[in-house]
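Visitor: Here it is: the structure, laid out below.
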Amino acid sequence: MSLPPELEKVIELTRTHNRWRRFECINLIASENVMSPLAEAAYLTDMMHRYAEGKPRRRYYQGNVYTDEVELLVMDLMGKLLKVMYVEPRPVSGTVANAVVFRVLANPGDRALIAPVQAGAHVSHTKFGTLGALGIEHLELPFDLDSWNVDVDRAVRMIEELKPKFVTLGASVYLFPHPTKEIAAAAHSVGAKVVHDVAHVLGLIAGNRWPNPIHEGADVATSSTHKTFPGPQGGVVFTDDEEMYKQVSRYVFPWFVSNHHLHRLPAMAVTAIEMTHFGEQYADQIVRNSRAFAEALAEEGFKVLAEHLGYTMSHTIVVDVRPHGGGAKVAKILEDANIIVNKNLLPWDPPEAVRDPSGIRLGTQEMTRFGMKEDDFRYLARLIREVAIDGRDPGEVRKKVVEFRKNFLEVKYGFDVPKHLEESPIKIPMLL
Ligand SMILES: *Cc1c(COP(=O)(O)O)cnc(C)c1O
């Protein structure tokens with residue numbers, strides 16, 4: 001029987017996406033990454049079909065003899081990698097991890113202070129997102145453009161005055177570490193807890209290129225597991241506080257997840273092991289690449305933000321592209337050239353500018369993982385200039401991008417897939 005046309009269509013769309021994004025584009029979305037082939041192999045398993053409500057060895061379902069051990073292994077590996085006592089890997093995303101922790105720390109009607117939205121606080125930290133869904137009020141800490149950071153003095157006064165239930169730090173435009181120590185001291189003096197959301201920088205923390213907020217006084221940290229940390233899409237909570245961990249675990253299930261997408265777990269374990277072996281090298285190269293890329297973009301004529309601070313200490317760079325037509329236009333023409341970035345609000349943009357903000361955000365983590373070094377990012381800065389400043393035809397530049405990408409198809413900083421795994425009786429054809 002020939003395939004129904006809708007089926008042909010699904011297959012074709014998926015294959016086209018895979019080929020385009022994996023072989024022909026340069027991906028600079030700061031919140032994305034790819035797993036290693038071994039982690040991908042560990043992801044596509046029977047575990048994707050199973051349930052395991054509850055904690056390992058205390059499940060509500062039978063059939064978890066081995067998934068229990070994998071989950072315990074993930075907790076152990078991630079704990080050692082991040083040098084913390086307790087890891088809760090069941091939240092299925094960073095947003096769910098935040099929901100759990102916010103609900104542990106506050107009741108509907110309570111108040112939280114959050115990192116400035118201007119400085120890239122995530123929508124889940126706000127009353128427009130998860131916090132709002134939980135009925136928790138938010139007030140923003142003040143932002144200081146000069147230091148591209150939370151304005152510490154004013155923030156401390158605000159915390160002492162308002163006595164919130166908790167304070168969040170961490171952001172989605174995260175160029176420089178937030179002042180965890182100072183904020184934690186102020187928060188603790190009024191009985192408030194500090195949640196630090198490290199979704200963007202977990203891989204840099206694992207590679208010792210970014211401060212671990214738990215070691216700087218934060219009570220609990222939340223994260224995604226798929227941004228600079230190149231694991232499966234998912235979430236995690238970690239802490240050194242046993243009571244906090246126990247409460248988080250009690251709230252994850254039954255309040256926020258039922259099944260926790262078990263196939264994430266072996267892939268997360270593989271990624272944690274890779275990061276243990278290659279994390280420092282990888283994180284170091286990310287930061288070097290960001291600096292080189294930012295400098296090169298500035299030399300090509302772009303207004304890269306935070307120049308006076310050395311542009312960035314993370315994987316992220318922000319560029320003001322108003323002189324070149326604004327964020328929406330520049331992001332679109334770069335996409336036409338197969339360079340994938342996102343438009344982004346800059347600190348002075350009003351919230352309603354979200355559809356056409358002043359900036360674009362670029363991340364070096366994924367292309368670093370595919371082996372790009374400083375000189376490669378310098379070449380990329382030139383291609384971006386050709387499209388966004390020189391007004392070259394994006395279709396012409398696209399040809400150069402596709403050619404360039406051919407040098408960076410293999411994921412580095414991981415182990416090879418062992419030969420015996422290639423003889424699996426379950427054949428999973430990749431839709432490539
Ligand atoms: C991406 C992000 C999240 C949300 O993570 P998901 O896994 O997409 O739900 C939360 N917080 C911050 C700071 C983020 O950047």
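The values are calculated or read from the model by the stated rules, or taken from the named source; none is laboratory data. Here the structure is a predicted model, which means the values were calculated and not measured. So basically every Cβ, Gly included, is an ideal-geometry build from the backbone, and we count neighbours across all protein chains shown. Please note that ligands, DNA and RNA were not included when accessible areas were found on the heavy atoms of the full protein model with its side chains. Shrake-Rupley method; radii C 1.70, N 1.55, O 1.52, S 1.80 Å.
Visitor: Looking at (1) more than 16 Å from the ligand (Cβ to nearest atom); (2) surrounded by 14 or more Cβ atoms within 10 Å (Cβ to Cβ); (3) not in a loop (DSSP other than H, G, I, E, B), can you tell me which one W20 breaks?
Guide: (2)
Visitor: For segment 203-238, how many residues meet the condition of being more than 10 Å from the ligand (Cβ to nearest atom) and either in contact with a Cys (Cβ under 8 Å, 6 or more places away or on another chain) or at negative phi (or both)? Even if it seems obvious, please write down each step before you answer.
Guide: First, pick out the residues of segment 203-238 that are more than 10 Å from the ligand (Cβ to nearest atom): 203-221, 228-232, 237-238.
From what is left, the residues that are either in contact with a Cys (Cβ under 8 Å, 6 or more places away or on another chain) or at negative phi (or both) are 203-207, 209-216, 218-221, 228-232, 237-238.
Of the residues in segment 203-238, 24 are more than 10 Å from the ligand (Cβ to nearest atom) and either in contact with a Cys (Cβ under 8 Å, 6 or more places away or on another chain) or at negative phi (or both).
Visitor: Can you work out which of the residues in segment 83-116 that are part of a loop (DSSP other than H, G, I, E, B) and more than 16 Å from the ligand (Cβ to nearest atom) is surrounded by the most Cβ atoms within 10 Å (Cβ to Cβ)?
Guide: Kept after step one, since they are part of a loop (DSSP other than H, G, I, E, B), are these residues of segment 83-116: 83-85, 89-93, 106-110, 115-116.
From what is left, the residues that are more than 16 Å from the ligand (Cβ to nearest atom) are 83-85, 106-110.
Working: K83: 14, V84: 19, M85: 13, A106: 21, N107: 10, P108: 10, G109: 8, D110: 15.
For segment 83-116, the residue satisfying everything is A106.
Visitor: Checking S249 against (1) away from the ligand (no atom under 16 Å from the Cβ); (2) open to solvent by less than 10 Å² (accessible area, probe 1.4 Å); (3) of a type in the set (S, T, Y); (4) in contact with a strand residue (DSSP E or B) (Cβ under 8 Å, 6 or more places away or on another chain): exactly one of these is not met. Which one?
Guide: S249 satisfies all of (1) away from the ligand (no atom under 16 Å from the Cβ); (2) open to solvent by less than 10 Å² (accessible area, probe 1.4 Å); (3) of a type in the set (S, T, Y); (4) in contact with a strand residue (DSSP E or B) (Cβ under 8 Å, 6 or more places away or on another chain) except (2).
Visitor: From (1) buried (at least 17 other Cβ atoms within 10 Å of the Cβ); (2) modelled with pLDDT under 95, pick out the condition that doesn't hold for L145.
Guide: Every condition holds for L145 apart from (1).
Visitor: Among all residue pairs at least 6 apart or on different chains, which show Cβ distances below 7 Å where the first residue, located in segment 331-354, is among the basic types (K, R) and the second is surrounded by fewer than 22 Cβ atoms within 10 Å (Cβ to Cβ)?
Guide: Qualifying pairs under 7 Å: K343/A328.
Visitor: Let me ask something else. For segment 166-193, give me each residue that is closer than 15 Å to D110 by Cβ and within 16 Å of the ligand (Cβ to nearest atom). Walk me through how you get there before you give the answer.
Guide: Quick first cut of segment 166-193, residues closer than 15 Å to D110 by Cβ only: 166-168, 187, 190-193.
Those that are closer than 15 Å to D110 by Cβ and within 16 Å of the ligand (Cβ to nearest atom): F166, V167, T168.
Visitor: Let me ask you something else. What's the number of the only condition in (1) over 19 Å from the mean Cα position of the chain (by Cα); (2) closer than 19 Å to E366 by Cβ; (3) not in a helix (DSSP H, G or I) that A294 fails to meet?
Guide: (3) is the only condition that A294 fails.
Visitor: Further question on the same structure: Give the residues of segment 118-165 that are within 16 Å of the ligand (Cβ to nearest atom), over 23 Å from V104 (Cβ atoms) and small (G, A, S), sorted by residue number.
Guide: Across segment 118-165, the qualifying residues are A119, G120.
Visitor: Taking V220 as the residue in question, decide whether it is among the hydrophobic types (A, V, I, L, M, F, W, C), in contact (Cβ under 8 Å) with a residue 12 or more places away in the chain, crowded, with 24+ Cβ neighbours inside 10 Å and touching an Asp or Glu at 6+ places or on another chain (Cβ under 6 Å). Spell out how you get there, then give the answer.
Guide: Numbers: among the hydrophobic types (A, V, I, L, M, F, W, C): yes; in contact (Cβ under 8 Å) with a residue 12 or more places away in the chain: yes; crowded, with 24+ Cβ neighbours inside 10 Å: yes; touching an Asp or Glu at 6+ places or on another chain (Cβ under 6 Å): no.
When the stated conditions are applied, V220 does not pass them.
Visitor: Got a sec? Which helices (runs of 4 or more DSSP H) wholly within segment 301-402 have at least 2 residues that are within 20 Å of A199 (Cβ to Cβ)?
Guide: In segment 301-402, 365-369 are the helices (runs of 4 or more DSSP H) which contain 2 or more residues that are within 20 Å of A199 (Cβ to Cβ).
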